[in-house]
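We did not get these values from a lab; they are worked out from the coordinates using the rules stated. Not measured: the values here are computed from a predicted model. Don't worry about glycine lacking a Cβ; one is built from the backbone with ideal geometry, like all the others, and counts go over all protein chains shown.
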Amino acid sequence: MRNNLAAVGIWVAVLFLVLTTLPLILSGYWLKILTNIIMFAVLAQSCNIISGYTGYPALGNVVFFGLGAYSTAILMNRIGAPFPLALLAAGLISGLYAAVLGLPILKTKGHYFVMATLGVNEATRELVNNLDFLTGGGIGMSLPIPDRSIQSFYILIYFTMLVILVSCTLLVHFVSRSPFGFALRAIRANEQAAGVMGINTTLCKTGAWVASAFFTGLAGGVYAYWLTYIESQVVFSIIIGVKFFVILLLGGAGTVFGPLLGAFMFQIIDQFIWGAFPEFHLGVLGLLMIMVVIFVPNGLLRLFETRIWFPAKGLFQALGVMGTRAGRSEKG
Amino acid sequence: MLEIEHLAAGYGEVQVIWDLGLTVGSGEVVALLGANGAGKTTLLKVISGVLRPSGGSVKFHGCELSGLGPEQVVKSGISHIPEGRQLFSGMTVEENLVMGAYTRSTRGLSSGLERIYEIFPELSNKRKRQAGTLSGGEQQMCAVGRGLMSDPKLLLIDELSLGLAPVVVERLVRAVMEVHQQRELDILFVEQDVQLALEVATRAYVMESGRIVKQGASQVLMDDPAVRQAYLGL
Amino acid sequence: MDFWVLGQYAVNILFLAGIYGCVGLGFSLVYGVMNIINLAHGSLIMMGAYTTFWLFTSYGIDPFLSIPLSAVLFFMIGYFIQGAIINRVMKTGIFMIMILTYGIEIILVNLALYLWKANYRSVAPAYSGNILELGSITIPYLKLAILAATVLITVCVYLFINKTKTGMAIQATSLNRYSAQLVGIDIHRIYNITYGVSTALAATAGALIASVYPIFPSMEGPFLGKAFVIAVLGGLGNMAGALVGGLGLAVAETVGSLVFGASYQNVTAFAVFVIILVLRPYGLVGKRFFAEISS
Ligand SMILES: Nc1ncnc2c1ncn2[C@@H]1O[C@H](COP(=O)(O)OP(=O)(O)OP(=O)(O)O)[C@@H](O)[C@H]1O
Ligand SMILES: [Mg+2]
């Protein structure tokens with residue numbers, strides 16, 4: 001057990017070192033890709049809280065991304081709020097939206113829940129399109145251009161995204177071993193039984209969704225500032241929502257590191273597809289989704305565990321047993 | 001003529017049936033007894049092709065059934081009346097019966113229906129009623145009727161008596177036994193009422209945790225002290 | 001509001017309801033029988049519209065005459081999609097199947113973008129300008145034809161589902177899969193047929209849409225959204241309900257744009273949708289007939 005902990009510690013330290021030094025040496029192009037990976041990791045990780053652990057397939061979670069993006073844009077553009085303040089407010093607004101919507105919508109289940117979240121996304125996007133005076137309507141909205149060098153701006157964006165990812169992952173890590181995490185898993189396994197056990201399911205579900213929305217909103221806010229221009233068609237697009245779902249599935253829903261692994265793999269593949277088949281990018285992406293569902297339904301992390309890690313562990317153990325026997329027989 | 005040998009089956013990773021053998025000869029009525037969770041329903045599902053076995057063979061009149069889909073099993077002359085009736089509750093009684101004859105040509109349909117209505121006159125004047133609105137006994141009649149509509153050579157019945165009053169059960173049993181005598185229909189049935197089962201059946205098997213632990217003529221089992229104690233409470 | 005204005009609205013609503021009914025019918029059928037939210041439905045409608053466009057511009061085939069052709073073609077495509085892809089994952093959870101159908105959706109969008117580019121296209125049969133005047137109500141003959149076509153299609157679907165052996169087997173499968181197997185129905189074949197019919201209905205809806213509206217690859221999104229709303233208004237999986245839902249959406253959009261302004265028609269539609277989902281998940285007609293409400 002302690003061995004395991006040390007190993008994880010070393011891995012995390014190495015990862016941290018790599019992630020903090022890389023942006024300083026990478027070119028603009030690769031920095032963008034890396035930032036994108038981290039953004040999708042945040043999105044998938046947030047989705048993990050409500051979908052992976054609690055079992056509510058929030059396909060329309062992209063609504064909080066859009067909301068976060070627009071909140072940041074409006075606060076910075078119309079009021080002149082500084083970015084950190086605007087970003088925090090965007091997260092809170094998204095969380096609040098989830099809290100208000102959660103009470104009615106989390107009463108629905110399964111297919112109905114999925115459709116409700118998609119419906120909320122559509123309705124919100126249409127609303128944003130219509131509030132021209134605030135959002136610029138269909139034309140989109142630009143944010144103030146930062147007054148610093150491009151390179152340092154992109155590095156700032158990168159680190160902001162990274163901080164969000166780390167906090168989100170730490171939250172998931174601690175929640176997954178807390179009583180709250182236990183309650184969420186109980187809801188996923190059998191909501192009625194969880195209720196009978198004395199878990200306040202409404203409160204837990206809503207809490208999970210609010211946390212999920214908060215981080216998704218933050219990611220949306222950073223995204224808006226990063227691109228300095230947003231459009232409702234883009235930030236509320238279902239394809240982003242589906243993407244982070246695929247990432248979650250690919251990595252492994254309901255695991256702490258699955259979303260990170262999934263985001264990395266998916267974005268790398270996505271980037272490759274863009275390079276190799278620019279005209280068929282969407283189509284190849286679709287094919288990829290179909291293949292993930294058919295061939296890796298339990299996620300890469302679990303595939304890795306069952307196909308490589310467990311057999312390897314078994315082999316090591318077997319070798320170990322043989323070793324101790326050999327040792328004993330030598331002694332004897 | 002049903003012959004099962006070395007059958008193994010289960011759900012996913014969980015094996016429920018272990019090395020099981022069983023036969024139903026022509027003209028026989030065979031009972032399958034066992035506690036809850038012994039795997040009786042699972043066995044019937046394997047025979048009717050809903051569940052793929054993981055090993056062993058199921059032969060019907062010499063033809064291998066394991067690996068065939070349920071539609072082919074029905075065509076080969078086996079009909080399965082499921083536990084808990086499982087009617088198409090949004091359809092009328094008559095539509096349910098018609099669905100029972102799905103694998104047969106429509107030519108003999110009306111005479112088939114009339115035959116069922118003769119056996120169960122109660123169904124006749126409720127033929128346009130939604131099946132879900134019938135009483136439990138009527139629903140079971142409808143389920144039996146639906147099972148007979150395919151004109152099977154072997155009938156699998158799962159807990160005919162489930163939740164029904166003794167009078168109704170007796171009526172259902174009599175009806176089924178009449179069909180057994182009139183048309184060469186073999187029967188394999190699962191029953192919790194062991195007394196009733198041993199009265200009706202010529203032979204019986206006792207199942208425990210997915211294995212056959214006892215078999216023999218009904219009379220012999222009736223006198224078996226272990227069976228008497230475990231299942232008849234005597 | 002005077003009588004003629006009301007009449008004009010009624011006519012427009014009826015026409016919209018016809019198209020929407022057609023959009024919702026196939027979507028609801030698949031949900032009812034297989035418990036699948038088919039996210040590919042929007043792009044199947046879009047491909048149907050383009051097929052009509054293609055047949056019209058390349059061979060001069062009238063959009064209404066193209067319906068039987070494209071329906072047959074799309075039936076086969078749908079049968080294949082279900083048989084070769086979706087049946088493999090029928091036993092996995094709803095997450096999986098949705099991602100899968102969305103994958104199909106974007107493949108089709110990509111195909112359309114490649115074949116026809118992102119431009120707006122339209123099909124304009126020679127008679128599209130002709131108008132019937134009733135008092136001060138004006139009705140393009142084209143819209144009348146569409147209404148007639150939707151009635152005809154509805155009747156055909158009704159007869160197929162209720163009066164044919166395969167149709168009854170589809171109903172039986174949607175009511176109880178286990179029993180359907182026990183009476184000898186090959187449920188996988190039924191799934192294939194169901195998806196095929198749904199795809200053919202999507203193509204038909206696409207043809208009708210193409211004959212009045214401009215078409216473009218990203219029209220799949222809005223129409224998928226509409227299919228959702230229609231299906232939920234009518235009760236998910238309930239086919240008769242899909243028609244009610246079509247009418248409901250047409251009314252909601254029209255009233256929404258009257259009360260709040262034209263640009264609010266979609267907001268109203270989706271707001272109604274979410275409210276219905278939460279308050280009356282069985283839909284407006286509220287009868288549990290096809291699928292069960294469960295996850
Ligand atoms: N669909 C299923 N998935 C997984 N396990 C199942 C399933 N159906 C049954 N089982 C398991 O298989 C075992 C045998 O079940 P089965 O229904 O065959 O028992 P049975 O003898 O018919 O019991 P009963 O008398 O209660 O009907 C049980 O342990 C049960 O939990
Ligand atoms: Mg049983």
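For the reader, a short list of remarks on this structure follows.
- The modelled label-to-label distance between A:LEU24 and C:LEU284, using points 7 Å beyond Cα along the C-beta direction, is 6.4 nm.
- DSSP assigns beta bridges within chain B; of those with both partners inside it, close to 55 percent run antiparallel.
- In order through segment B:208-224: 3J(HN,Hα) via Karplus (6.51 cos²θ - 1.76 cosθ + 1.60), integer Hz, x for Gly, Pro: 9, 6, x, 10, 7, 10, 7, 8, x, 5, 3, 4, 5, 5, 4, 8, 5
- Under 15 Å, Cβ to Cβ, from C:GLY18 - net charge with Lys/Arg +1 and Asp/Glu -1: +1
- Exposure proxy ranking, count of Cβ atoms within 10 Å, fewest first, for C:GLU220, A:GLU122, A:GLU231, B:GLU118: B:GLU118, A:GLU231, C:GLU220, A:GLU122
- When the charge dipole of segment A:2-327 is built from unit charges on Cβ atoms (+1 for Lys and Arg, -1 for Asp and Glu) and taken about the Cα centre, the candidate among A:PRO278, A:GLY241, A:THR202 whose Cα reaches farthest toward its positive end is A:THR202.
- Charge context of B:ARG104, other residues only, Cβ under 10 angstrom, K/R +1, D/E -1: +1
- Averaged over A:279-288, number of beta-carbon atoms from partner chains that fall within 10 Å: 6
- Protection proxy ranking for A:133-143, A:60-70, B:139-149, A:99-109, using the average of other Cβ atoms within 10 Å per residue and placing the highest first: A:60-70, B:139-149, A:99-109, A:133-143.
- Counting, for every residue in A:237-246, the Cβ atoms of other protein chains within 10 Å of its Cβ and taking the mean gives 3.
- Positive-end extreme of charge dipole, segment B:2-231 - chosen from B:VAL30, B:ASN96, B:LEU148 (charges on Cβ): B:ASN96
- Cβ neighbours within 10 Å from other chains - mean over C:109-122: 2
- DSSP bridge orientation in the protein assembly as shown - percent antiparallel, rounded to nearest 5: 60 percent
- Residue with peak Gaussian network fluctuation, chain C [Cα springs, cutoff 10 Å], from C:PHE74, C:PHE160, C:PHE95: C:PHE95
- Volume in Å³ per residue [convex hull over Cα atoms, computed for the protein assembly as shown]: 226 Å³
- Cα shape, segment A:114-173, gyration tensor, a/c 1.5 rule: oblate
- Rounded to 10°, Cα long-axis angle of helix A:258-276 versus longest principal axis of chain A: 70 degrees
- Cα centroid separation, segment B:140-182 to segment C:83-101 (Å): 38 Å
- Here the calculated FRET efficiency for A:ILE239 and A:VAL166, from their Cβ-Cβ distance with R0 = 30 Å, stands at 0.65, rounded to the nearest 0.05.
- Surrounding net charge for B:SER26, when Lys and Arg each add one and Asp and Glu each subtract one, Cβ distance under 14 Å: 0
- Stretching the chain fully between C:TYR178 and C:ILE275 yields a gain of 31.5 nm (0.36 nm per residue, less the alpha carbon separation).
- In order through segment A:212-223: 3J(HN,Hα) via Karplus (6.51 cos²θ - 1.76 cosθ + 1.60), integer Hz, x for Gly, Pro: 4, 5, 4, 5, 4, x, 4, 4, x, x, 4, 4
- In a fully extended conformation the segment linking B:SER105 and B:LYS59 would gain 14.0 nm over its present Cα-Cα distance, using 0.36 nm per residue.
- Under-5 Å amide H pairs with B:LYS214, H placed in peptide plane, nonlocal only: B:VAL206
- As a calculated quantity, the FRET efficiency between A:LEU85 and A:VAL196 at R0 = 51 Å, using C-beta atoms, amounts to about 0.70.
- A simple spin-label model places pseudo-atoms 7 Å from Cα toward Cβ; at B:SER135 and B:MET177 they are separated by 2.2 nm.
- Residue of A:TYR97, A:TYR225, A:TYR29 that the Gaussian network model of chain A assigns the largest fluctuation, springs spanning Cα pairs under 10 Å: A:TYR29
- GNM top mover of A:TRP274, A:TRP30, A:TRP11 - chain A, alpha-carbon springs below 10 Å: A:TRP11
- Convex hull volume per residue for segment A:2-327, taking Cα atoms only, in Å³: 166 Å³
- Extension gain (nm, one decimal) between C:LYS163 and C:LEU132, 0.36 nm per residue minus Cα-Cα: 7.5 nm
- Couplings 3J(HN,Hα) for segment C:2-15, derived from phi with the Karplus relation 6.51 cos²θ - 1.76 cosθ + 1.60 (θ = phi - 60°), are 8, 4, 5, 5, 4, x, 4, 4, 4, 4, 4, 4, 4, 5 Hz, where x marks Gly and Pro.
- Two-site label geometry, A:ILE10 and B:VAL213: point separation in nm, points 7 Å out along Cα→Cβ: 5.4 nm
- Ellipsoid equivalent to chain B - semi-axes via the Cα gyration tensor, in Å: 28, 21, 16
- Calculated FRET efficiency for the pair B:MET1/A:ASN298, C-beta based, R₀ 56 Å, to 0.05: 0.80
- Principal axis extents of the C-alpha atoms in chain C (largest first, rounded to whole Å): 60, 46, 35.
- Once you reduce segment A:251-282 and segment B:76-122 to the center of their Cα atoms, the two points are 53 Å from each other.
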